[in-house]
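Worksheet for the structure shown next.
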Amino acid sequence: MCIREALAQAAAELKKIPHIGTPSLDASLLLAEVLQKDRVWLIAEASRPFDEKDLHKFQSFLRRRRGGDSVAYILGRREFGSLMFTVCPAVLVPRPDTETLVEAALENLKGKKSPTVLEICTGSGAVAVALKNEAPETEIYASDISAAALEIAAANAARLLPEKSIRFFQADLFTPLPKTESDIKQNFTPLPAMPEERLFFSLILANPPYVPSAEIEGLSPDVRAEPRIALDGGPDGLSLIRRIIHEAPGHLENGGSLLLEADPRQMESIRALLVREGYTDIQTYKDLSGAERVIGASLIFEPGGKNGN
Ligand code: GLN
């Protein structure tokens with residue numbers, strides 16, 4: 001059997017599984033990994049004999065793919081923006097749609113002098129790291145409730161950015177969780193305990209869980225293999241978004257902004273929530289498919305207002 005035949009056979013096998021949308025691409029990504037080559041090499045060398053010793057590994061990858069593991073989890077990495085991120089089942093696989101969040105943040109930061117940014121629900125750290133990579137002068141804090149996710153995020157930042165570029169901390173949205181021994185080992189830097197020693201951000205951004213709980217079961221096995229905590233946004237998908245919109249004003253500087261990724265169908269409800277909490281300058285940003293994927297708003301405080309800065 002040659003490489004071309006091995007690929008064709010694998011693609012045909014994967015094609016039988018209804019949720020696998022890109023069987024040929026998946027087969028070639030997995031085979032490239034087995035052979036430690038890239039996909040261009042596979043095409044150029046398609047008539048080379050396929051070594052039996054590689055078959056076992058290729059078959060085990062294909063079995064995992066058929067069983068619902070995404071290619072990203074099998075390979076342990078996924079490209080986001082121009083960077084390659086380590087991923088594992090403790091974190092959501094970064095999506096191309098989420099690049100809209102990074103672009104919106106870059107647009108928002110334009111003209112802001114020495115901005116300080118907080119990303120909550122950072123997961124793999126893809127958004128925070130991509131943002132820091134594009135805007136190195138920005139000071140970035142990033143949090144997640146999951147210690148396992150923070151470990152991946154910190155490893156991605158350490159590999160892709162100059163040392164200690166992003167300050168990670170474990171938090172339930174804005175409320176830092178007590179430091180555990182593993183944090184100390186990981187060297188996570190906690191925020192100056194909020195709200196006592198408050199830090200005010202120029203921009204707060206998040207890709208929070210926003211899938212309505214009842215819709216999770218209907219998602220493809222690839223998505224269901226992702227951490228439920230990163231997807232499940234409660235009964236209407238807006239539980240976390242509601243809390244973020246309500247709590248962010250306590251952590252934004254005057255004129256600061258909030259940017260949220262959400263489902264395009266949720267934008268009207270989110271706009272209403274933002275208006276109710278006093279945000280202004282509300283705008284949406286479209287993803288690659290032309291759907292409204294990110295919503296942004298700013299807060300201007302009246303003198304003596306509740307934020308008090
Ligand atoms: N865009 C993701 C999906 O439905 C949801 C991500 C999220 O909840 N933040 O595949």
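The values are calculated or read from the model by the stated rules, or taken from the named source; none is laboratory data. Predicted model, so just to flag it, every value in this text is computed and none were measured. All Cβ positions, even for glycine, are placed from backbone atoms using ideal geometry, and neighbour counts span all protein chains on display.
If we keep just the residues of the range 80-109 that are in a helix (DSSP H, G or I) and within 13 Å of the chain's Cα centre (by Cα), which is farthest from the ligand (Cβ to nearest atom)?
At the first step, the residues of the range 80-109 found to be in a helix (DSSP H, G or I) are 96-109.
Subsequent filtering for residues that are within 13 Å of the chain's Cα centre (by Cα) retains 96-102.
Details: Pro96: 10, Asp97: 6, Thr98: 8, Glu99: 12, Thr100: 11, Leu101: 10, Val102: 14 Å.
Among those that are in a helix (DSSP H, G or I) and within 13 Å of the chain's Cα centre (by Cα), it is Val102.
What is the one condition in (1) modelled with pLDDT under 90; (2) touching a helix residue (DSSP H, G or I) at 6+ places or on another chain (Cβ under 7 Å); (3) surrounded by 14 or more Cβ atoms within 10 Å (Cβ to Cβ) that Ala142 does not satisfy?
(1)
Counting just the residues of the range 63-79 that are touching an Asp or Glu at 6+ places or on another chain (Cβ under 7 Å) and within 16 Å of the ligand (Cβ to nearest atom), which one comes out modelled with the highest pLDDT?
Looking at residues that are touching an Asp or Glu at 6+ places or on another chain (Cβ under 7 Å) and within 16 Å of the ligand (Cβ to nearest atom), I get Val71.
Helices (runs of 4 or more DSSP H) wholly in the range 1-56 with at least 2 residues that are of a type in the set (D, E, K, R) and farther than 25 Å from Val223 by Cα - which ones?
Numbers: elements: 3-15, 23-35, 39-44.
It comes to 3-15.
Identify all residues within the range 204-225 that are in a loop (DSSP other than H, G, I, E, B) and either near the ligand (Cβ under 8 Å from one of its atoms) or among the β-branched types (Val, Ile, Thr) (or both); write none if there are none.
So in the range 204-225, the residues in a loop (DSSP other than H, G, I, E, B) come out as 207-210, 212, 217-220, 225.
Within the range 204-225, Asn207, Pro208, Pro209, Tyr210, Leu219 qualify.
Name the single residue, out of those in the range 240-265 being small (Gly, Ala, Ser) and surrounded by 17 or more Cβ atoms within 10 Å (Cβ to Cβ), that is nearest to the ligand (Cβ to nearest atom). Full working, then the answer.
Narrowing the range 240-265 to residues small (Gly, Ala, Ser): 248, 250, 255-257, 262.
Subsequent filtering for residues that are surrounded by 17 or more Cβ atoms within 10 Å (Cβ to Cβ) retains 248, 256-257, 262.
Details: Ala248: 17, Gly256: 22, Ser257: 19, Ala262: 8 Å.
For the range 240-265, the residue satisfying everything is Ala262.
I'm trying to understand the selection: among the residues of the range 255-288, which are at pLDDT 95 or above and part of a loop (DSSP other than H, G, I, E, B)?
Ala262, Asp263, Glu277, Gly278, Tyr279, Asp287, listed by residue number.
Would you mention how many residues in the range 226-239 are aliphatic (A, V, I, L, M), buried (at least 21 other Cβ atoms within 10 Å of the Cβ) and either near the ligand (Cβ under 10 Å from one of its atoms) or at pLDDT below 95 (or both)?
From the range 226-239, those aliphatic (A, V, I, L, M) are 229-231, 238; that's our starting set.
If we keep only those that are buried (at least 21 other Cβ atoms within 10 Å of the Cβ) as well, we get 230, 238.
Filter once more, keeping what is either near the ligand (Cβ under 10 Å from one of its atoms) or at pLDDT below 95 (or both): 230.
Of the residues in the range 226-239, 1 are aliphatic (A, V, I, L, M), buried (at least 21 other Cβ atoms within 10 Å of the Cβ) and either near the ligand (Cβ under 10 Å from one of its atoms) or at pLDDT below 95 (or both).
Among the residues of the range 5-35, what is the count of those that are surrounded by 14 or more Cβ atoms within 10 Å (Cβ to Cβ) and either in contact (Cβ under 8 Å) with a residue 60 or more places away in the chain or closer than 18 Å to Arg77 by Cβ (or both)?
11
Please give the number of the condition Glu197 fails out of (1) modelled with pLDDT under 95; (2) assigned to a helix (DSSP H, G or I).
Condition (2) is where Glu197 drops out.
In this structure, does Arg78 turn out to be in contact with a strand residue (DSSP E or B) (Cβ under 7 Å, 6 or more places away or on another chain) and buried (at least 19 other Cβ atoms within 10 Å of the Cβ)?
Values: in contact with a strand residue (DSSP E or B) (Cβ under 7 Å, 6 or more places away or on another chain): yes; buried (at least 19 other Cβ atoms within 10 Å of the Cβ): yes.
When the stated conditions are applied, Arg78 passes them.
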